[in-house]
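First comes the structure, then the notes that go with it.
Every number in this text was worked out from the coordinates using simple rules, so none of it is lab data. In this text the structure is predicted, and so the values were computed from the model without any measurement. All Cβ positions, glycine included, derive from the backbone under ideal geometry; neighbour counts span all protein chains shown.
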Amino acid sequence: MKQEQGTWIRGYLTIHVIGSRPELFLDLCARNEIYVWDIHKIDKQTCVANIFVKDLLKIKKIRKKTRYKIQFKKRTGLPFTWKKFKKRKALMFGIVLSVLFVFFLSNMVWKIEIDGVRPEVEKQIRTSLRANGVYPGVLKFSVESPSKLQRLVLDNNPELLWVGVKEKGTTYTLEGVEKTTISEQEVKSPSNIVANKSGVIVDMYVSKGKPLAKINDFVEKGEILVAGDLKTADAIDEEKGEENEKEEGEYQIAAEAEIYANTWYESTISVPMEVTYQAITGEVNNKYYLGGNNQKVPIWGFFQEEYQSSRIEEEQNSIYFFQWELPIYFYKKEVYELEEVVEKRSEKEAKELGIRQAKIDLQETLGQAAEITNEKILHEASENGKVKLELYFTVKENIAKIQDLSQGD
């Protein structure tokens, strides 16, 4: 018979069958469903064959009914190897401990490389990573995924335009791109400062050019506030005698100024007086799995109470042995408990919330440099369970806009 696969794992014996016509004994074994292979005859009285360990008792029972002698010459396979190891417990313990130690070391962060940034920025990145538990020597299972690390580094280092995070074995590689500040050109083309919005001027800071408006003036959008054409602005009266001798371009400069004015905006917003939403209670169950090929084996946290309503976040980490990535993954599942919250608001609360939300929306549109100085309710109505507001905002903002003289008024 041909050898069957997995014989070493199951364990087998090499036997010598001694007697007259020993092949008849092996035929008797086959008739009793004993698997026999690698049969060959040494001489007229002896045959050699292999049998599985599990069939040993069957062989002994058959031998008792015959006159053949059975000699066990060789023991091969995992059961016998395991038996040898059991006799050497210290050696076995050392091997298991060594494998676990290597496995442990293979799943630690040993190196963090940062490229593409200046040394001082690199130091800031390393400091922010350490503050968030990412440093050489930490277990990779406790480190956030590369995408989360990327957001973390960008949030903590505003001077970075982009950063890429790659995980390779026990090394994390970060490649960053810094924001570049374009320095202003020393020589600028002649220009005026005009109003980009209509409003009433409250502050003026003119460093270059001829002011054509003053504080408390109402100006229209597009109106010239600071002239860069000094000749047109009649700003060279003291040089009238030499005016015809100079070229027109000598009286044109790049105006520079900051002009702050009160501007006005209207907004309409509707706020429900009752709203239902799901909120996280603060309770969370952490579950851990080992798995691969779409199969997961729970290893911790699987006896925890299930929530009626929950939000689940999963994280997958590769497992390494030396530099090889194993086809096994470590999964962490965070299950957050959710509860349904019904919030009822009074008309006053809804109105305050609407004003606050309208101010936030307007601030996001105008930018943080603008300052909302006043708000006024033009119209207020309550219908169909909602409070509808028409609001009027006064904003202090910089309305200066550079207009190249070549563009005209």
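At 20 Å minimum axial length over the Cα atoms and a Kyte-Doolittle cut of 1.0, report the qualifying DSSP H helices in the chain, or say none. Intermediate results must be reported in sequence, preceding the final value.
On the way: long enough: 89-106 (25 Å, 2.29); 347-366 (28 Å, -0.89).
Span-like helices, by this rule, are 89-106.
Neighbour counting of Cβ atoms within 10 Å sorts the residues Ile70, Ile312, Ile51, fewest neighbours leading, into Ile312, Ile70, Ile51. Matching the structure-derived Rg and Dmax of the Cα atoms in Å against the labelled list (i) 22.3, 71; (ii) 42.0, 154; (iii) 42.3, 143 gives the label (iii). Greater than 19 Å separation of Cα atoms is the criterion. Which listed pairs, Lys111/Lys333; Lys44/Lys65; Lys214/Lys401; Lys197/Lys376; Lys140/Lys332; Lys359/Lys388, meet it? Where the Cα-Cα span goes over 19 Å, the pairs concerned are Lys111/Lys333; Lys44/Lys65; Lys197/Lys376.
Report for the chain the percent antiparallel among DSSP-assigned beta bridges with both residues inside it, nearest 5.
Numbers: 102 of 108 bridges.
Antiparallel bridges: around 95 percent, rounded to the nearest 5.
Model label sites at Ile328 and Leu154, defined 7 Å from Cα along the beta-carbon direction, differ in position by 3.5 nm. Karplus-derived 3J(HN,Hα) values for region 9-20, using 6.51 cos²θ - 1.76 cosθ + 1.60 with θ = phi - 60°, are 5, 7, x, 8, 10, 9, 10, 10, 9, 10, x, 6 Hz; glycine and proline are entered as x. Sequentially through region 253-260, phi angles give Karplus couplings (6.51, -1.76, 1.60; θ = phi - 60°) of 10, 8, 5, 9, 6, 10, 10, 9 Hz, Gly and Pro residues having no value and appearing as x. Backbone amide hydrogens, once placed in the peptide plane, bring Tyr320 within less than 5 Å of Leu326, excluding anything fewer than 5 places away on its chain. What the phi angles of region 333-344 give under the Karplus curve with 6.51, -1.76 and 1.60, with θ = phi - 60°, is a coupling list of 10, 9, 10, 9, 6, 10, 10, 7, 10, 10, 9, 10 Hz, glycine and proline written as x.
Between Leu378 and Leu366, what is 0.36 nm times their sequence separation minus the Cα-Cα distance? Round to one decimal in nm. Please list the in-between numbers first.
Details: separation 12, 0.36 × 12 = 4.32 nm, distance 2.13 nm.
Difference between extended and current length: 2.2 nm.
Placing R0 at 35 angstrom, the Cβ-Cβ distance between Gln304 and Thr173 gives a FRET efficiency of 0.45 after rounding to 0.05.
With +1 on each Lys and Arg Cβ and -1 on each Asp and Glu Cβ, and nothing else charged, work out how big the dipole of the chain is about its Cα centre, in Debye to the nearest 20.
Numbers: 60 positive and 63 negative charges, 1715 e Å.
Roughly 8240 debye for the chain.
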